[in-house]
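The values are calculated or read from the model by the stated rules, or taken from the named source; none is laboratory data. Not measured: the values here are computed from a predicted model. In this analysis, Cβ positions are derived from the backbone assuming ideal geometry, glycine residues included, and neighbour counts consider all displayed protein chains. Ligands, DNA and RNA are excluded from the accessible area calculation, which covers all protein heavy atoms including side chains. Shrake-Rupley method; radii C 1.70, N 1.55, O 1.52, S 1.80 Å.
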Amino acid sequence: MKGPHENSSSQPAPSDKTGVAKARRSGFRVVGQAFLVLVVCGLAFVGGFAAFATHVAQLTTPVEPREADAIIVLTGGEKRLDAAVDLLKSGKGQRLLISGVHPSARIVDLQRATGGDASLFSCCVDIDRAALDTIGNAEESAKWINSHEWDRIIVVTNNYHMPRSLLELRRYAGDVDLVPYPVVNTRLDSGEWITNRAALRVLFTEYAKYLVSLVRGIASWGAATDNGGELVVSSRLGK
């Protein structure tokens, strides 16, 4: 027959029960907070995408763009090159840089593809074959701008590509006045992107790349170090 002391020792002490309950409550609180953070981040991402897509959809090709010192076109999209050559022909800039040209492409090939005048290409068109992506476009374009000491540049690319292009160009080219000239292949200004699967896919992909570009820029500033009272920032961002 068990004594009274044996019965009481088999039950958890009140302090143990309290500790377990507190641990459970703490665990539930952490899970709840993590879930709330995920929900907020998800809503922010979706809201940001909606704002980005709406902004891009409302970009239109200027009827009469401002004159500039020169023109830069970022290759990779339909009609970009034609639009840039037309701007050069109309005297909107002194020279044209075609950035991101395939290494095997010759200037005569580009001239024939656009139906441009051979003398115009010979005198006023430069080709960048080094750039492989938008960051490379920005780096090479900045070198070209700085070498000529130009102050105002017309930037030609597709509407969906314009926000990221301007972001990268401003990062490398500094205080140069960039005049956007968005090329629109498919009109989306009435909200068609919501039901257009192809447009939605392109916009979503570009939005994700835009966010990466933003984060990379923030990280580059965060990596800056104070050296003798001077702020030192890496002159080259990784591709």
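Put +1 on the Cβ of every Lys and Arg and -1 on every Asp and Glu Cβ in the range 60-149; which of T134, A68, A118 then has its Cα farthest towards the positive end of the dipole?
A118
Given R₀ = 35 Å, FRET efficiency for S220-V39 by Cβ-Cβ distance, to 0.05?
The computed FRET efficiency comes out at 0.70.
Calculate, for the range 123-172, the solvent-accessible area per residue in square angstrom, rolling a 1.4 angstrom probe over the heavy atoms of the protein chains.
On a per-residue basis, the range 123-172 sits at 38 Å².
Taking a spot 7 Å from the Cα of A130 along the direction of its beta carbon, which residues of the range 143-170 have an amide N less than 16 Å from it?
143-149, 169
Between the alpha-carbon centers of the range 90-146 and the range 165-202, tell me the distance in whole angstrom.
Each part's Cα centre sits 20 Å from the other's.
Please give the net charge around D151, taking every other residue with its beta carbon less than 13 angstrom from that of D151, where Lys and Arg add +1 and Asp and Glu add -1.
Taking every other residue near D151 into account, the sum is -3.
Leaving ligands and nucleic acids out of the surface, order L178, L59 by accessible area at 1.4 Å, largest first.
In descending accessible area the options line up as L59, L178.
About its Cα centre, what dipole magnitude does the range 60-152 give when the only charges are +1 on Lys and Arg Cβ and -1 on Asp and Glu Cβ, stated in debye to the nearest 20?
Once rounded to the nearest 20, the dipole reads 180 debye.
Quick one: order L97, L36 from most to least accessible surface, probe 1.4 Å.
Ranking L97, L36 by accessible area, largest first, yields L36, L97.
Is the shape of the range 24-109 rounded, prolate or oblate, going by the alpha carbon gyration tensor and its root eigenvalues a ≥ b ≥ c, with a/c under 1.5 for rounded and a/b larger than b/c for prolate?
It is prolate, given that a/c is not under 1.5 and a/b is the larger ratio.
Rank V156, V63, V212 by accessible area, highest first, at a 1.4 Å probe radius?
Largest accessible area first, the list is V63, V212, V156.
How large a share of the accessible area of the range 54-97, in percent, is made up of carbon and sulfur atoms when the probe is 1.4 Å and the other protein chains stay in place?
46 percent
How far apart, in nm, are the 7 Å Cα→Cβ label points at D189 and R95?
Result: 3.4 nm between the two label points.
Mind checking the dipole of the range 59-105: about its Cα centre, +1 per Lys or Arg Cβ, -1 per Asp or Glu Cβ, Debye to the nearest 20?
Dipole size: approximately 60 debye.
First compute the accessible area of the range 158-204 with a 1.4 Å probe, then give the percent of it belonging to carbon and sulfur atoms.
In the range 158-204, the share of accessible area belonging to carbon and sulfur is 52 percent.
Can you give the accessible area of K79 in Å² (nearest 10), computed on protein heavy atoms with a 1.4 Å probe?
Estimated to the nearest 10 Å², K79 gives 110 Å².
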